Every structure is written in structure tokens, then in C-alpha cells.
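The values are calculated or read from the model by the stated rules, or taken from the named source; none is laboratory data. Because the structure is a prediction, the values reported are computed rather than measured. Glycine gets a Cβ as well: all are built from the backbone with ideal geometry, and neighbour counts include every protein chain shown. The accessibility values were calculated without ligands, DNA or RNA, using every heavy atom of the protein model including side chains. Shrake-Rupley method; radii C 1.70, N 1.55, O 1.52, S 1.80 Å.
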Amino acid sequence: MSRHHAWLRFTAGGDPLPLGLDADARAWQSALGELHRRWYDGVAPPQVAAVFVLQWLLQVPAHTSAHAAVCGPWRARLDGLTFALGGGLVPRLVRLTELVADDGDLGGRMGRAEADYRAVAEPLARRYPAAVRLGPHTRSALVDDMWSAASREALAVTGAGLGLGVTRRESCCLIYALPGCVECAGCPRLG
């Protein structure tokens with residue numbers, strides 16, 4: 001799986017990594033806010049860090065599930081995933097707890113991978129303790145957008161799908177709120 005992913009590495013076995021899907025999101029948001037303040041001359045709206053951390057937290061199970069299904073024939077168990085952060089406080093290494101055989105066709109595996117992801121991601125997004133208010137639409141849209149991006153990337157990088165292209169998002173990462181930044185190409189604010 002690692003050789004097919006652009007920025008995440010996957011491992012199995014060994015000791016759990018420092019963070020889990022139940023990571024202390026507020027501490028992570030605070031650390032990212034401090035990093036943003038250093039990068040952007042003291043200006044760092046807290047909502048940017050809050051959305052980025054939720055987005056990254058959702059990417060861990062989304063990319064794990066999608067890449068396992070595409071590289072399979074297997075499914076990744078998503079409960080018990082642990083991960084480590086890299087530069088910029090972005091997840092870089094994911095420790096899998098188990099891969100389960102799934103001999104179905106790719107479409108079936110992807111459908112089951114999405115169901116597995118949503119079973120973990122939807123409650124995670126609802127209970128996510130943001131330092132600022134994130135409404136239910138933002139949380140739900142991030143769940144959808146992270147699956148869409150992860151599945152498109154998995155299919156594209158393994159040659160099982162079409163190119164990535166720009167996909168319209170339903171959620172906004174709020175990066176435009178940082179000095180000198182603008183909306184992403186797929187930002188809903190541009191529509």
C-alpha cells in the first residue's frame with residue numbers, strides 16, 4: 001500500500017504509534033495554530049487549524065480503507081488504527097491492526113471500504129472537539145470529501161481509475177483565511 005500512496009506510509013505489527021483516531025484533537029489544533037502563527041507572521045485564525053486537523057484525522061481511515069481495497073484483495077480493519085505525524089503536523093505513518101481477505105471485485109471492495117470508513121468517520125466527525133464551532137454541515141461534508149479524495153487517489157495511483165483532476169468539494173478547509181492564501185481549486189466558495 002505504501003508504494004502506491006503519495007504521502008502516507010503504512011505499517012503492520014509492532015507497538016502502536018503515538019496517536020489514534022481518538023487523539024487529543026485540541027492539543028493538535030493548538031500545535032497547528034502555533035505553527036501557522038510562525039508561518040504567517042502571527043496571524044492564524046483558529047478555525048483553520050480546527051478544520052485542518054479534522055480533515056487530516058478523517059484522511060487516516062479514508063486513505064487506509066481506500067488503498068487497502070484497491071491494492072487488495074483485502075479490507076483494512078479501521079478500529080485501532082494508530083498514526084504518527086510528520087512535518088507540518090500532517091499524518092505520515094499509519095499502523096494497521098489487521099487486513100482481512102476480501103476476494104470480491106474492485107467495485108464491491110470499494111463499496112465495503114466506504115461503508116467501513118463511514119462507520120468510523122461519521123461518529124468521529126460528530127464528536128470531534130473543535131476549539132471553534134464547526135457546524136454539522138461542515139463535519140458531514142468533510143466526511144464525504146475525504147472519502148471522495150481518498151478513493152479517487154487510490155484508484156488513480158494504482159492505475160485502476162481515471163486521473164485525479166479537480167473535484168468540487170462540499171467543505172471548505174478555510175485556507176483562504178491565512179495571509180496570502182486563496183481558495184483551493186475545488187472550494188465551494190468559488191461556486
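Please list, ordered by first then second residue, the pairs with beta carbon atoms under 7 Å, 6 or more apart or interchain, first in the range 120-141 and without any contact (Cβ under 8 Å) to a residue 40 or more places away in the chain, second of a type in the set (A, V, I, L, M, F, W, C).
That search, which allows pairs on different chains as well, returns Glu122/Val143; Ser140/Ala125.
Please pick out the residue among Ala6, Ala50, Ala69 that is within 20 Å of Arg152 (Cβ to Cβ), of a type in the set (A, V, I, L, M) and either crowded, with 16+ Cβ neighbours inside 10 Å or modelled with pLDDT of 90 or more (or both).
Just one listed residue meets the conditions, Ala69.
In the range 111-133, what count of residues is obtained for those that are over 14 Å from Leu57 (Cα atoms), open to solvent by 20 Å² or more (accessible area, probe 1.4 Å) and modelled with pLDDT of 95 or more?
Adding up the residues that qualify gives 6.
Under 13 Å from the mean Cα position of the chain (by Cα), within 30 Å of Val43 (Cβ to Cβ), modelled with pLDDT of 90 or more and open to solvent by 50 Å² or more (accessible area, probe 1.4 Å), is that true of Arg92?
When the stated conditions are applied, Arg92 passes them.
Of the residues in the range 144-165, how many are modelled with pLDDT under 90 and of a type in the set (Ser, Thr, Tyr)?
1
Test Arg168 against the criterion of being basic (Lys, Arg) and modelled with pLDDT of 95 or more, and give yes or no.
No; evaluated as a whole, the condition is false for this residue.
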